[in-house]
Amino acid sequence: MEKRLGVIGIVVEDLGSVEKLNAVLHEYAHIIVGRMGIPYRERGISVISLIVDGSNDDISALTGKIGRIRNVSVKSALTKA
């Protein structure tokens, strides 16, 4: 199966959603190369960036599960091959 490298951007607008988000990230830890989270306290949000290396199916499943968490937005950019 072909692997792709990419970045996933996540915006958490309700810190009550963090526990669910962390559970999903733990489930997909095998494709996460790096993670950086920045709390933006003045706005009450957090911004997280992930570097991922995995199959298109795994990355799509990860972003799909994140996107279904209430008050969490997600976008990804992946290599073409």
For this session: Indicate the gyration tensor shape class of the chain (rounded, prolate or oblate), computed on the Cα atoms with a ≥ b ≥ c the square roots of the eigenvalues: a/c under 1.5 is rounded; otherwise a/b larger than b/c is prolate and the rest oblate.
Result: prolate
Seminar exercise, completed: Phi angles of region 34-49, converted by Karplus (6.51 cos²θ - 1.76 cosθ + 1.60, θ = phi - 60°) into ³J(HN,Hα) in whole Hz with x for Gly and Pro, give x, 9, 9, x, 10, x, 10, 4, 4, 9, x, 10, 10, 10, 10, 10
For this session: Please give the contour-minus-distance gain from residue 5 to residue 43: 0.36 nm per residue of separation, less the Cα-Cα distance, rounded to one decimal in nm.
Result: 10.6 nm
Problem set entry | Simple Cβ-charge dipole of the chain, Lys/Arg +1 and Asp/Glu -1, about Cα centre, in debye nearest 20 | 160
Exercise. With θ set to phi - 60° and the Karplus curve 6.51 cos²θ - 1.76 cosθ + 1.60, what are the ³J(HN,Hα) couplings of region 6-22 in order, to the nearest whole Hz, using x for Gly and Pro?
Worked result: x, 10, 10, x, 10, 10, 9, 8, 9, 5, x, 8, 5, 4, 5, 4, 4
Exercise. Hey, can you rank 73-79, 41-47, 57-63 by average C-beta count inside 10 Å, highest first?
Worked result: 57-63, 73-79, 41-47
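Bear in mind that the values in this text are calculations on the coordinates, not laboratory data. Since the structure is predicted, the reported quantities are computational estimates derived from the model, not experimental observations. All Cβ positions, glycine included, derive from the backbone under ideal geometry; neighbour counts span all protein chains shown.
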